1. Being more than 15 Å from residue 265 (Cβ to Cβ) and among the hydroxyl-bearing types (Ser, Thr, Tyr) is the filter; apply it to region 296-326 and report the residue that is surrounded by the most Cβ atoms within 10 Å (Cβ to Cβ).
2. When residue 455 is evaluated against the numbered criteria (1) more than 15 Å from residue 556 (Cβ to Cβ); (2) touching a strand residue (DSSP E or B) at 6+ places or on another chain (Cβ under 7 Å); (3) free of Cβ contacts under 8 Å to residues at least 40 places away in the same chain; (4) not polar (S, T, N, Q), which criterion, by number, is the only one it fails?
3. What about residue 268, is it among the β-branched types (Val, Ile, Thr), touching a residue at least 12 places away in the same chain (Cβ under 8 Å) and either over 18 Å from residue 236 (Cβ atoms) or buried (at least 23 other Cβ atoms within 10 Å of the Cβ) (or both)?
4. Just one of (1) surrounded by 18 or more Cβ atoms within 10 Å (Cβ to Cβ); (2) under 21 Å from residue 646 (Cα atoms); (3) touching a residue at least 60 places away in the same chain (Cβ under 8 Å) trips up residue 590, so point out which.
5. I need the strands (runs of 3 or more DSSP E) fully contained in region 270-357, keeping only those with at least 1 residues that are under 26 Å from residue 447 (Cα atoms) and under 14 Å from the mean Cα position of the chain (by Cα).
6. Quick one: which strands (runs of 3 or more DSSP E) sit completely within region 413-483 and have at least 2 residues that are within 18 Å of residue 508 (Cα to Cα) and either assigned by TED's automatic domain parsing to the domain that holds residue 495 or not aliphatic (A, V, I, L, M) (or both)?
7. Report yes if some residue within region 226-238 is surrounded by fewer than 22 Cβ atoms within 10 Å (Cβ to Cβ), in contact with a Ser or Thr (Cβ under 7 Å, 6 or more places away or on another chain) and assigned to a strand (DSSP E or B); otherwise report no.
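The values are calculated or read from the model by the stated rules, or taken from the named source; none is laboratory data. The structure displayed is predicted, hence computed values, not measured ones. Neighbour counts are summed over all protein chains in view; Cβ atoms, including those assigned to glycine, are modelled from backbone coordinates with ideal geometry.
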Amino acid sequence: MNRIARLALGICAMLTASAVAPAQNINNGTCGKINNSGTIRLRSNTGQFQNAAPVAQVNNTNGTIEMTGTNNVFNGSNPLGSSASNRITGIVLWSSTNPAQNVQGRWYNNLNLSGNTKNMRDSIFVGGAYQITNGTGNRTYNGTFTYDGTIAQVVIPESGVNSYNNVELQNSSAGNSKTLSNGTANVLGTFTNNANNLGGFTVQNSGVLNLNAASLSNAPFTVNGNGSVINIATDNAYLTLGNNSTLLADNSGRINISSNHAPAAMAVGSGSTLRLGNTGNGGILYLTGVANMNIEGTYVNQLPSLTNAFYDCGTTVRYMAVANGQVIQATSSVEANRYGKLETIGGNKTTNGNVHVKCGLLVNPNSTVHSITVPATNTLYVYNGNPLSITPVRYDTTLNDCQTSSEVIGNMQIEMPASVANNSITFNNRFTTLQYTNAANVPQFVTFNSIPGSAPFSFNPTTDVQRKINVSYSNPVSGTPNWAATVKAGFRPAEAAGLSGLASLSNVRTFNSPAGFSPNMIGNNYQRSINNGCELYWISAQQISHTGTNTLASGSDLLLRGGPGIVHSSNDGRWSNPGTWATGSEPFPFDTVFVHHNVWAGFTRPLANGWDGYSTPEAFPNAMAASVTIDNNPPAQPNAALIFGLDQTAPTNNGLFIIGGSSVYTASTVGTNGILRLVDCDQSVIPMNTTATDFNQFATVITNVQPKANGLLIFAAPGALQPRVRVNDVQNAGMIQNGSTLEIGD
């Protein structure tokens with residue numbers, strides 16, 4: 001060794017010696033190395049393990065560092081255990097026999113406790129074994145205690161005065177689960193099964209995990225075996241499943257949820273799954289008290305009997321996926337295993353079996369309307385949680401009657417309560433209801449099978465609403481049936497779009513339509529709601545009964561059959577465009593038409609300019625409607641106009657358009673007795689020029705953001721053929737602008 005090297009070593013030794021505190025501490029300087037396979041024990045209450053050396057120079061893999069003082073610490077310029085990369089290898093034993101020993105927050109490999117009581121400081125990480133010697137004093141946990149080993153780890157049961165504060169699980173590799181067995185781990189604060197805990201966490205062998213605050217599982221989570229339980233019980237407790245993770249309960253492993261935390265004590269995030277397995281008696285779920293469970297992901301019960309999931313009447317299970325296709329888990333018909341309250345939010349849902357609900361159904365408490373599709377072999381059952389009252393069934397509770405359109409598609413059966421007279425019972429949508437006016441010996445169960453867009457028995461597409469509503473019912477609990485009811489049926493405007501001939505929404509009536517037999521009209525005092533722009537229309541009929549001329553026989557379809565009606569525009573557009581009209585079809589020759597928008601006939605306006613680009617000619621130019629009202633009533637409808645012109649897409653009718661009625665229309669039929677009314681046109685509007693040049697500008701250049709037309713406009717055409725508009729009677733309280741020909745009289 002040369003002189004310079006010897007001098008450097010001497011200086012290092014002097015610096016190390018000069019930095020050493022009194023003999024109470026161990027100070028490992030930057031040049032120091034420790035290879036411990038025995039025990040290094042700090043005996044002073046304030047003794048410190050000071051380290052300045054790289055962590056690789058302190059090897060405690062096969063050794064023990066024992067802290068016997070009440071306030072021992074690892075410190076120094078590069079303290080051991082100050083980070084995951086500086087983790088203390090081997091065993092660290094905190095063994096003070098004096099009370100209230102402070103256990104420092106550090107990254108440990110193996111952490112052992114013995115002796116008297118301990119204060120477990122925040123940010124303790126254990127990557128290997130955590131061991132507590134029998135007879136050790138009570139532990140008080142502060143902050144977060146983390147099991148972060150990559151290998152399989154045992155989570156030590158701690159409860160009562162020894163309860164954990166916050167617990168986090170991290171870093172296990174796939175196949176190396178952290179496990180809780182044979183005891184109770186009570187977590188007073190947060191519990192986190194971190195996303196990087198790939199091996200997951202298993203509660204097994206009579207292990208019990210009590211969650212008392214905000215808890216999150218982003219990794220596999222299992223409760224398995226008889227006596228193994230996850231409890232979510234206190235008011236502030238809730239568990240969220242995230243990161244596409246799964247919580248599996250199996251082989252009598254149990255999940256008890258009774259916390260009243262709002263909005264839910266269990267939240268299954270999008271992509272995540274709550275699964276009840278079918279090994280042995282399956283996984284067991286108890287949802288009790290007023291606890292709620294929100295499911296944005298998936299809830300699956302794999303036990304065929306479905307008798308392993310229990311729901312109290314006061315609990316709510318919410319299916320909340322935004323995307324369409326979320327599956328509502330089937331339930332058993334056994335009362336204890338029926339959903340308490342069932343609620344759906346977001347996208348369309350479907351069921352995977354019979355769904356039984358005992359205390360309430362709520363479809364869409366928000367603004368996103370959706371449907372629940374019940375497959376043909378299944379039924380959604382609603383029972384009476386209270387036999388003296390109607391179990392509430394509600395739809396679209398934040399929407400008004402005109403906006404509501406959520407519904408149950410398929411079989412929906414409701415148990416009739418003992419007291420049912422004059423109470424409206426809601427079935428497949430807000431407007432499909434049953435109200436008994438004579439409630440003597442009503443059926444015990446009534447089923448409506450409502451299928452939108454499906455043909456009922458004896459369906460005639462020109463006269464009937466295309467919705468199948470099959471009604472079946474049981475006998476009364478006792479006695480001879482003697483009931484009468486008002487029946488209301490809701491349907492979508494598009495389902496009535498095919499009505500023609502004498503049929504219209506305003507003439508829809510109810511018919512009893514059994515399979516294989518001709519339908520017969522039933523009921524009286526019909527009422528209808530066919531409001532323009534509403535999502536659902538409805539018709540109701542009184543005095544529907546189980547017998548007599550107004551019989552709606554069990555197993556028959558409730559057929560909705562109609563005649564001529566009223567058609568309102570719902571958008572700017574061409575007369576022939578179905579999208580222009582609230583009915584979803586071009587008006588028929590018998591219709592009464594109300595124009596509330598800019599509606600044109602005989603020509604196309606470009607899609608590129610914001611118009612509809614519709615080029616199909618008008619179907620009934622010789623009988624456009626029985627009457628037309630141009631309802632330009634500012635400020636609600638400031639741009640109502642009926643506009644005529646001709647281009648290459650005009651009907652082949654020599655430029656003639658007739659406003660006139662016809663009950664049965666063929667191409668040669670000429671409408672008669674037509675009426676054109678113009679209502680409250682804004683007289684301040686400056687008249688438009690109606691020459692052929694102006695027509696070209698209007699039809700092909702003007703965009704929908706520019707000022708729109710008002711009243712009746714007839715433009716001159718560019719060619720020899722000119723438009724002619726014929727009507728028997730004109731009642732003008734608005735503006736008529738004619739650049740071609742307006743003919744008055746049939």
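1. Checked region 296-326; the qualifying residue surrounded by the most Cβ atoms within 10 Å (Cβ to Cβ) is 319.
2. Condition not satisfied by residue 455: (1).
3. yes
4. (2)
5. Fully inside region 270-357 and qualifying: 316-319, 326-328, 339-344, 349-351.
6. Because the criterion is at least 2 residues that are within 18 Å of residue 508 (Cα to Cα) and either assigned by TED's automatic domain parsing to the domain that holds residue 495 or not aliphatic (A, V, I, L, M) (or both), the strands (runs of 3 or more DSSP E) in region 413-483 that meet it are 445-452, 467-473.
7. No: region 226-238 contains no residue that is surrounded by fewer than 22 Cβ atoms within 10 Å (Cβ to Cβ), in contact with a Ser or Thr (Cβ under 7 Å, 6 or more places away or on another chain) and assigned to a strand (DSSP E or B).
Here is a yes/no grid of residues against (1) modelled with pLDDT of 95 or more; (2) crowded, with 18+ Cβ neighbours inside 10 Å:
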site: 344; (1), (2): yes, yes
site: 359; (1), (2): yes, yes
site: 363; (1), (2): yes, yes
site: 369; (1), (2): yes, yes
site: 375; (1), (2): yes, no
site: 378; (1), (2): yes, no
site: 388; (1), (2): no, no
